[in-house]
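Worksheet: one structure, shown below.
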Amino acid sequence: MKDVAQIRADFPILSRTVNGQPLVYLDNAATSQTPQQVIDVIVDYYSRYNANIHRGVHALSQEATDAYEQARQKIQQHFNIAASREVIFTSGTTHSINIVANGFTTLLQKGDELLVSAMEHHSNIVPWQMLCERTGATLKVIPMNREGELRMDVYRELLSENTKLVFCNHISNALGTINPIEEIIEAAHAVDAAVVIDGAQAAPHVKADLQALDVDFYTVSAHKLCGPTGVGMLYGKSEWLAKLPPYQGGGEMIAEVTFEKTTYADLPHKFEAGTPNICGGIAFGAALDYLNGIGLTEIAAYEASLLAYATEELLKIAGLKIYGTAAHKTAVISFNIEGIHPYDIGTILDKLGIAVRTGHHCAQPIMDFYQIPGTVRASFSFYNTKEEIDALVAAVERARKMLS
Ligand SMILES: *Cc1c(COP(=O)(O)O)cnc(C)c1O
């Protein structure tokens with residue numbers, strides 16, 4: 001990978017201080033920081049060509065439309081998606097999943113079964129529970145082992161001709177586990193079930209080839225991959241997107257409106273009601289350009305070295321236990337120290353300028369599984385350094401001494 005000092009210079013926020021200390025930002029699984037290259041694209045949009053898209057005849061509207069549609073093509077290429085109409089701009093993963101869950105209301109009935117993995121983010125649990133309430137379908141859970149890996153043997157037993165949908169994250173935000181989605185998709189397709197993969201946590205670390213995966217739906221949030229908040233993607237195979245009814249009604253998603261009858265626009269516009277996050281969509285494309293400029297393969301290798309180093313160093317601390325020790329995992333470390341509440345550790349780390357997350361990480365069932373109230377989670381990005389890990393380890397050790 002490019003020199004990390006050079007990379008850090010792209011991120012203005014990384015040179016600020018917090019509580020008088022240099023910022024050590026280790027909450028990347030919650031949101032990533034934004035490089036100047038993406039900030040410039042946002043400033044440029046509002047400085048030069050802010051306009052509503054797809055309907056104006058004037059120059060600014062044309063420029064904005066072109067830039068927005070180019071961003072859609074960048075996303076299409078990045079994820080190797082067959083057609084740009086299969087790329088739906090959304091406000092993020094939560095919105096993307098809700099579009100699918102709403103759409104399946106008309107396609108399910110009592111007796112149908114949906115399988116959800118035990119390590120999902122709430123946004124990949126709750127919309128499906130709501131769908132089950134509407135349709136009478138049943139939600140079943142694919143369990144995990146103590147290491148935080150899915151029990152694939154149980155998954156295969158749960159699959160049946162009643163299974164209509166399977167959902168799972170590509171990478172767990174709470175544990176870092178990389179799930180074997182190739183196998184999950186293949187086994188689901190063998191019983192004609194569709195698969196929704198939540199790629200929110202994977203997109204900044206792994207380049208997913210959606211055609212090779214043959215996945216039915218895949219979701220991404222731009223703010224986890226150096227883009228802005230409030231924008232993301234829903235990928236859906238066009239056969240599926242054609243079957244699903246629209247999620248929201250309004251402008252942009254229609255072909256023709258009369259008081260007698262309204263017809264819907266073609267894909268992707270059918271799922272893009274109202275004025276979208278135009279600037280956000282363009283910046284999403286710029287964020288992918290930025291990541292590809294460094295290289296996802298290079299990023300993954302560097303982050304793996306950070307993970308190995310941080311794991312080794314943190315485990316030297318007395319009473320520290322790591323949750324999520326899967327053989328395949330990304331640079332997320334969820335941990336606790338015996339007898340100390342995670343929130344108390346997080347508070348002391350903040351005083352020392354270190355940003356980590358504490359709590360259940362929107363994945364309460366995982367915490368229930370381990371019978372803990374939550375964890376401290378340090379999640380790393382390609383712009384983090386070994387020196388920052390040393391600062392984290394020293395601060396955790398200091399917190400342990402103060403609190404025990
Ligand atoms: C962040 C995250 C989400 C939710 O994404 P939003 O951007 O808040 O919609 C869902 N799943 C996983 C695995 C995540 O990491």
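The values are calculated or read from the model by the stated rules, or taken from the named source; none is laboratory data. Just so we're clear, the structure is a prediction, and the values are computed from it rather than from any experiment. Cβ coordinates were reconstructed from backbone atoms using ideal geometry, including for glycine residues, and neighbour counts include every protein chain displayed. Quick note on the areas: whole protein, heavy atoms, side chains included, nothing else; ligands and nucleic acids left out. Shrake-Rupley method; radii C 1.70, N 1.55, O 1.52, S 1.80 Å.
Structure notes:
- Label positions at Thr297 and Leu315, each projected 7 Å from the Cα along the C-beta direction, are separated by 2.9 nm.
- In the chain, the calculated helix contribution to ellipticity at 222 nm averages -11500 deg cm²/dmol per residue, counting -39,500 (n - 2.57) for every DSSP H run with n ≥ 4.
- Relative contact order of the chain, defined on C-alpha pairs under 8 angstrom at six or more residues apart (%): 23
- Placing unit charges on the Cβ atoms of the charged side chains and taking the dipole of the chain about its Cα centre, the candidate lying farthest along the positive direction among Gly103, Met402, Thr330 is Met402.
- The convex hull defined by the C-alpha atoms of the range 173-296 has an orientation-averaged projected area of 9.4 nm².
- When the P(r) is computed for the chain, the part past 40 Å accounts for 18% of the Cα-Cα pairs.
- Within the accessible surface of the range 113-221, defined with a 1.4 Å probe on protein heavy atoms only, the carbon and sulfur portion equals 48 percent.
- When the chain is described by a simple charge dipole with +1 on each Lys and Arg Cβ and -1 on each Asp and Glu Cβ, the residue from Pro373, Trp240, Asn384 located farthest towards its positive end is Pro373.
- Cross-link reach is defined here as a Cα-Cα straight distance under 15 Å, omitting same-chain residues fewer than 8 places apart; for Lys164 the aspartates and glutamates meeting it are Asp112, Glu113, Glu186, Asp192, Asp216.
- With N counted as the residues of the range 287-390, its alpha-carbon radius of gyration over 2.2 N^0.38 Å works out to 1.14.
- Among the listed pairs Lys140/Lys261; Lys74/Lys321; Lys2/Lys401; Lys207/Lys270, those with a Cα-Cα distance over 30 Å are Lys140/Lys261; Lys74/Lys321; Lys2/Lys401.
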